[in-house]
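Structure record follows, encoded as structure tokens.
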């Protein structure tokens, strides 16, 4: 069993009957959704809120009933992956292009649980390019303002055309190098008109489930002061 499957299936242990669950996007959470689908077949009743069209399709395939975010007051838990996670529980997310919905759903959950293989655990964020979702209108002007913060940027392209998110926006993948102050950068990006959302998730994760070099499951819980 590979690391993604190990942590993806482990987090399903936190899913309880009657819960409303935020279902993340990506290769690790795919194993979680498959495992939850097995629990549903065994008689557990849960409902999911999907972070992307891809996740919605996968959840339906595995028999998980879905709701929209507009239909709920809160989520019991949200489960998602990460492109990077640091010791302060800061994350970079959005490699799969679903960062806006992922952040909305994570912020609506009583508990946000992140599943990450060992390669995603870093001492400092920034090796993985930071996704920034922007309005298509005036996107080149928005890019100039993003670059003024000190990062290089590249418009995400798919099949020779600009990648379009589920929300109809573009994504810039930005290289800020090693990010010394993730919270400051997150705030500065959020203030740029035209930026819809950025992939810095600052101390949002309540728990990170990962593995060590021996492939033993590691469960890290964020304390209130972190």
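The values are calculated or read from the model by the stated rules, or taken from the named source; none is laboratory data. All figures in this text were calculated on a predicted structure; none of them were measured in a lab. Neighbour counts are summed over all protein chains in view; Cβ atoms, including those assigned to glycine, are modelled from backbone coordinates with ideal geometry.
A few remarks follow.
- Selection of region 173-189 for residues being surrounded by 13 or more Cβ atoms within 10 Å (Cβ to Cβ) and either in contact with a helix residue (DSSP H, G or I) (Cβ under 7 Å, 6 or more places away or on another chain) or in contact (Cβ under 8 Å) with a residue 24 or more places away in the chain (or both) yields 173, 174, 175, 176, 179, 182, 183, 185, 188, 189.
- Yes/no for residue 4 being over 14 Å from the mean Cα position of the chain (by Cα) and crowded, with 19+ Cβ neighbours inside 10 Å: yes
- Filter result for the condition that a residue is touching a strand residue (DSSP E or B) at 6+ places or on another chain (Cβ under 6 Å), under 23 Å from residue 195 (Cα atoms) and without any contact (Cβ under 8 Å) to a residue 60 or more places away in the chain, over 78, 50: 50
- Within region 142-157, the set of residues being more than 12 Å from residue 195 (Cα to Cα) and touching a strand residue (DSSP E or B) at 6+ places or on another chain (Cβ under 8 Å) comprises 147, 151, 152, 153, 154, 155, 156.
- Any chance residue 106 is touching a residue at least 24 places away in the same chain (Cβ under 8 Å) and either assigned by TED's automatic domain parsing to the domain that holds residue 173 or assigned to a loop (DSSP other than H, G, I, E, B) (or both): no
Residue by residue, here is whether (1) buried (at least 20 other Cβ atoms within 10 Å of the Cβ); (2) in the same structural domain as residue 214 (by TED's automatic domain parsing); (3) on the phi > 0 side of the Ramachandran plot holds:
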site: 8; (1), (2), (3): yes, yes, no
site: 13; (1), (2), (3): no, yes, no
site: 23; (1), (2), (3): yes, yes, no
site: 26; (1), (2), (3): yes, yes, yes
site: 44; (1), (2), (3): no, yes, no
site: 54; (1), (2), (3): no, yes, no
site: 82; (1), (2), (3): yes, yes, no
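- Meets criteria (more than 15 Å from the chain's Cα centre (by Cα), closer than 26 Å to residue 194 by Cβ and either surrounded by fewer than 22 Cβ atoms within 10 Å (Cβ to Cβ) or modelled with pLDDT under 95 (or both)) for residue 60: no
- Residue in region 120-155 that is surrounded by the fewest Cβ atoms within 10 Å (Cβ to Cβ), counting only those that are within 16 Å of the chain's Cα centre (by Cα) and touching a residue at least 60 places away in the same chain (Cβ under 8 Å): 121
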